[in-house]
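Visitor: Let me begin by handing over the structure; questions about it come next.
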Amino acid sequence: MILTPDETSRRNIETGVWSRVTLDQVFRKRLAADGDDVAFRDCGASHVPGLSASLTFAEAERRIEGLAAFFASLGLKPDTVLGIHLPACADAAIIMLAALRAGMVVCPLPIYWTKKEIETAIAAAAIRGIVTASEIEADPSGELVRDVAADTFAIRFVFSVGRGAPDGLITLDDIWADLDHLGPAPEVTRRGNAADHTALLSIAAAPDDRLVVVPHSHNHLVASALAHLLEGGIAGPETILTTMHPASVATVAGAMLTAFLAGGAVAFHHGVSLEDLGEAVAAAGCDRLLLPAAFAAAADVVTAPEIAFSMVSTGLESVAPPHLARARKAVDLVTVGGTCLLPIARGADGAPGVLPIGPAHLPSRGGAGGPVFYETRVRSRQPRTGERRGERAPSELQLRGPIVPDAPWPEPTSGASGAVLGFTSDGFLRTGLLAEPSEDQTGLSIDGPVHDSVVVAGRALSASRLDALFRRHPDVADAAVFRIAGGEGPDRLGLAVVARSGRQPDYYALLDWLDAEGAGALDRPGSMIAVPEIPRAADGTVLRDTLLWKAVA
């Protein structure tokens, strides 16, 4: 499925940033260079029973080819969307590359999502199959996804990796044990430039918390990897260890494709502690660690200074990316609310950089004669209902370029289950984020969503939706949410409640109530305070900063 406008594709190819190379071709080129090199490796303790692998490129190719043939034999046609509900692991990389070889599209499903959230994503992204595990961190993920499939007509197949898959799931371990009988994968004939076809979907959130499905073509992802390669100063083969979701843009472009283009390999680690991370980094012998920026300062202490950092953030966090105490090569990868992957190199002092104003020439925007990988601008606009208001009109950050999505995913046929990505008439992506020039006018800083939102763990949540959710609690007369900065960890959700007469809301009982309501993991408040009234401005706007001060007083 090609969504990119023809003119945009021609322009990007003329700059040399886009080409006719697909993700599968990038992998095959690395395979041809040395099939005996290790391609994918799991490091650290596995949180999926029986899941641990170390595969050379030749071994990975055999699995990819066989699994692609198996997908085709099931009738999974090109452009079918496959959801990946797995932690960071080598098996996920094999599954994604096999799906892409079969012409399919891959979509990440975060492992912390509830059944309701997964079902919403299925409708918005038109997912037809899901890959999961029997257990993830001792949670019965296989049963969860099986129940989703039972209640969702759209899901045709549920696949599982690891031991102990529940009844009703297709175990891929059995498929890989019978590769010799599967035959070769059929050739997929695509119209136009194969690299212009959609390969990966990422999922962001609209101001009203509806999901926004963001399509990325092969060219978008390869160009993002090239930008990371250049801005990160990666001059030779690197083993990149990723802790991010295996089907995220960060892992696919920032780890897998970056490593392949550099002649290196990929290691995977799904850790739950800094000790685990330090041991995994040492075991992998990695050259670069790709991790959430919120944990970079802590990881800086447990990893050797010669290991480079690629730190992923949404750009919405309440605090700037942390300074690193040790001198090491580092680059920030800003997803701009989950829509793309913009690399910004750090200086020798470890201080984070800023988004450029206007065209971004890489590396570090110093080569003005080179191609533009992305371009920024801000546009003032009058606030609408539900948008943040201030002394001046808000200025929205808009993006365009070879590593920026350039077309919306088609509206879901099942109804209004998702929102649609917005663009200006001249092709700029409307991010829905406020931005303003830095004090020294050298770049832009993101100042949060245009709409009244609360950012938790890097995701903007609709404040009005959350306020209304908590007001439904039988012990609550009024409620409002606010953000609690996490310091070196992720931000948390704070909740202020006004009790009904004669009632006293209990925090732990409220958490149980949220489970019964099917609320998402990020909807759960980290703390709750009782207040006599919710402070509001004259127009009814909740004064959320005032609530924060009440909470910390």
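The values are calculated or read from the model by the stated rules, or taken from the named source; none is laboratory data. Here the structure is a predicted model, which means the values were calculated and not measured. Cβ: placed from backbone, ideal geometry, glycine included. Neighbour counts: every protein chain shown.
Visitor: Those residues that are on the phi > 0 side of the Ramachandran plot and basic (Lys, Arg), I need them from the stretch 34-52; list them, please.
Guide: Hits for the stretch 34-52: nothing passes.
Visitor: Right, next: Between VAL266, VAL252, which is assigned to a helix (DSSP H, G or I), β-branched (Val, Ile, Thr) and in contact (Cβ under 8 Å) with a residue 24 or more places away in the chain?
Guide: VAL252
Visitor: Confirm whether LEU230 is under 28 Å from PRO371 (Cβ atoms), at pLDDT below 95 and out of contact with any strand residue (DSSP E or B) (no Cβ under 6 Å at 6 or more places or on another chain).
Guide: Judged against the criteria, LEU230 is a match.
Visitor: Every residue in the stretch 74-86 that is part of a loop (DSSP other than H, G, I, E, B) and among the aliphatic types (A, V, I, L, M), please.
Guide: Once the filter is applied, which keeps residues that are part of a loop (DSSP other than H, G, I, E, B) and among the aliphatic types (A, V, I, L, M), the stretch 74-86 yields LEU74, LEU76, LEU86.
Visitor: Restricting attention to the stretch 65-97, which residues are under 18 Å from VAL38 (Cα atoms) and in contact (Cβ under 8 Å) with a residue 60 or more places away in the chain?
Guide: Result: GLU65, ALA88, CYS89, ALA90, ASP91, ALA92, ALA93, ILE95, MET96, LEU97.
Visitor: Out of GLY183, GLY142, GLY164, report the one residue that is buried (at least 17 other Cβ atoms within 10 Å of the Cβ) and either of a type in the set (Gly, Ala, Ser) or assigned to a strand (DSSP E or B) (or both).
Guide: Among GLY183, GLY142, GLY164, only GLY142 is buried (at least 17 other Cβ atoms within 10 Å of the Cβ) and either of a type in the set (Gly, Ala, Ser) or assigned to a strand (DSSP E or B) (or both).
Visitor: Would you mind telling me which numbered condition in (1) part of a helix (DSSP H, G or I); (2) out of contact with any Lys or Arg (no Cβ under 7 Å at 6 or more places or on another chain); (3) modelled with pLDDT of 95 or more VAL281 fails?
Guide: It fails just one condition, (3).
Visitor: Between a first residue in the stretch 513-528 that is of a type in the set (Gly, Ala, Ser) and a second residue that is at pLDDT 85 or above and part of a strand (DSSP E or B), which pairs have beta carbons less than 8 Å apart while being 6 or more apart in sequence or on different chains?
Guide: Correct list of pairs: GLY526/LEU493; GLY526/GLY494; SER527/GLY494; SER527/LEU495.
Visitor: Given (1) farther than 20 Å from HIS451 by Cα; (2) at pLDDT 75 or above; (3) crowded, with 22+ Cβ neighbours inside 10 Å, where does PRO410 come up short, assuming only one miss?
Guide: Unmet condition: (3).
Visitor: Moving to a separate point now. When the residues of the stretch 190-207 are filtered to those that are part of a loop (DSSP other than H, G, I, E, B) and touching a Pro at 6+ places or on another chain (Cβ under 9 Å), which remaining residue is modelled with the lowest pLDDT?
Guide: PRO207
Visitor: Out of the residues in the stretch 428-479 that are of a type in the set (Gly, Ala, Ser) and surrounded by fewer than 16 Cβ atoms within 10 Å (Cβ to Cβ), state the one that is nearest to GLY337 (Cα to Cα).
Guide: My answer is SER445.
Residues checked against (1) among the charged types (D, E, K, R); (2) closer than 27 Å to VAL272 by Cβ; (3) crowded, with 24+ Cβ neighbours inside 10 Å:
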| position | (1), (2), (3) |
| --- | --- |
| GLU61 | yes, no, no |
| LEU74 | no, no, no |
| ALA88 | no, yes, yes |
| ILE95 | no, yes, yes |
| VAL105 | no, no, yes |
| THR120 | no, yes, no |
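Visitor: Say whether the condition of being under 30 Å from GLY401 (Cβ atoms) and touching a helix residue (DSSP H, G or I) at 6+ places or on another chain (Cβ under 9 Å) is met by at least one residue in the stretch 176-186.
Guide: no
Visitor: Of all residues in the stretch 87-118 being closer than 20 Å to ALA150 by Cβ and assigned to a loop (DSSP other than H, G, I, E, B), which is farthest from the chain's Cα centre (by Cα)?
Guide: THR114
Visitor: Starting from the stretch 434-458, keep only residues that are under 21 Å from ARG379 (Cβ atoms), then list their pairs with residues that are hydroxyl-bearing (Ser, Thr, Tyr) and surrounded by 21 or more Cβ atoms within 10 Å (Cβ to Cβ) whose Cβ atoms are within a distance under 7 Å, requiring at least 6 positions of separation or different chains.
Guide: Listed by first residue and then by second, the contacts come to LEU444/THR376; SER453/SER462.
Visitor: Mind checking which residues of the stretch 297-350 are part of a loop (DSSP other than H, G, I, E, B), charged (D, E, K, R) and modelled with pLDDT of 85 or more?
Guide: Within the stretch 297-350, GLU306, ARG328, LYS329, ARG346 qualify.
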